[in-house]
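Every number here is computed from the coordinates shown, using simple stated rules; none is lab data. None of the values given here were measured: they were computed from a predicted structure. Glycine gets a Cβ as well: all are built from the backbone with ideal geometry, and neighbour counts include every protein chain shown.
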Amino acid sequence: DAGITQSPRHKVTETGTPVTLRCHQTENHRYMYWYRQDPGHGLRLIHYSYGVKDTDKGEVSDGYSVSRSKTEDFLLTLESATSSQTSVYFCAIRGDWYNEQFFGPGTRLTVL
Amino acid sequence: KQEVTQIPAALSVPEGENLVLNCSFTDSAIYNLQWFRQDPGKGLTSLLLIQSSQREQTSGRLNASLDKSSGRSTLYIAASQPGDSATYLCAVRRIETSGSRLTFGEGTQLTVNP
């Protein structure tokens, strides 16, 4: 499982509240990613990081911010959650062998 | 913009059958292609990765092929088992893509009936 954990695994929140999701890895990989998965859209990249304090936007970054203060942790923040951000969120890392990506178990977020 | 399509969206087969899942992509300038398996409510498990210079990769009963010129990859599953039931996703990394970002297809949901 490439040593990736996500917390929380499930969360229900209300519209307008801030939410932070955490991704933790144990293998010191440089690249980390946040995706969301929705029916009819598949997996889409939100943000990614290529090192401590180095991040960049993906294709669906509006309404999300990220931070990476340590190699092992990559945080995804919804500043003011909306119902359209109800989704399953996956964290991934890029391995060292041919840049293969490995995924965490996911966080199911419901915004009421 | 790279687009990835997987057809069919769903497939149901009897146990023991050999089957092929299809993945097509619009931009042939790819760095690699990765096949994943996803069980209901779970994360993605990487099955096979094919570099752009390779034609195929094998792991156990799985064989993935890549034809860049036609923009196609296939995942061949031999002697299917009920435990193979899952959604299979393919994802492509373009050559010039920063951050090694992947573009995913929507997947093929496979059901293998005992």
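If you build the Cα gyration tensor of the protein assembly as shown and take the root of 5 times each eigenvalue, what three semi-axes come out, in whole angstrom, biggest first?
Result for the protein assembly as shown: semi-axes of 30, 20, 16 Å.
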Where the centre of each part is set by its Cα atoms, how far does the range B:57-107 sit from the range A:41-112, in angstrom?
22 Å
Of chain B, which part is the longest with no trypsin sites (Lys or Arg not before Pro) in a loop (DSSP not H, G, I, E, B) and with at most 11 other C-beta atoms within 10 angstrom?
B:56-114
Restricting to lysines 8 or more places apart or on different chains, can you count the pairs in the protein assembly as shown with Cα atoms under 18 Å from each other?
4
Just want the ordering: B:TRP35, A:TRP34, A:TRP97, from fewest to most Cβ atoms lying within 10 Å of their own Cβ.
A:TRP97, B:TRP35, A:TRP34
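Averaged across A:90-101, how many Cβ atoms of other chains sit within 10 Å of each residue's Cβ atom?
Mean inter-chain Cβ contacts per residue within 10 Å come to 4.
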Rounded to the nearest 5, what is the percent of antiparallel bridges among the DSSP beta bridges in chain B?
90 percent
Built amide H within the under 5 Å cut-off of A:GLU100, gap 5+:
A:GLY95
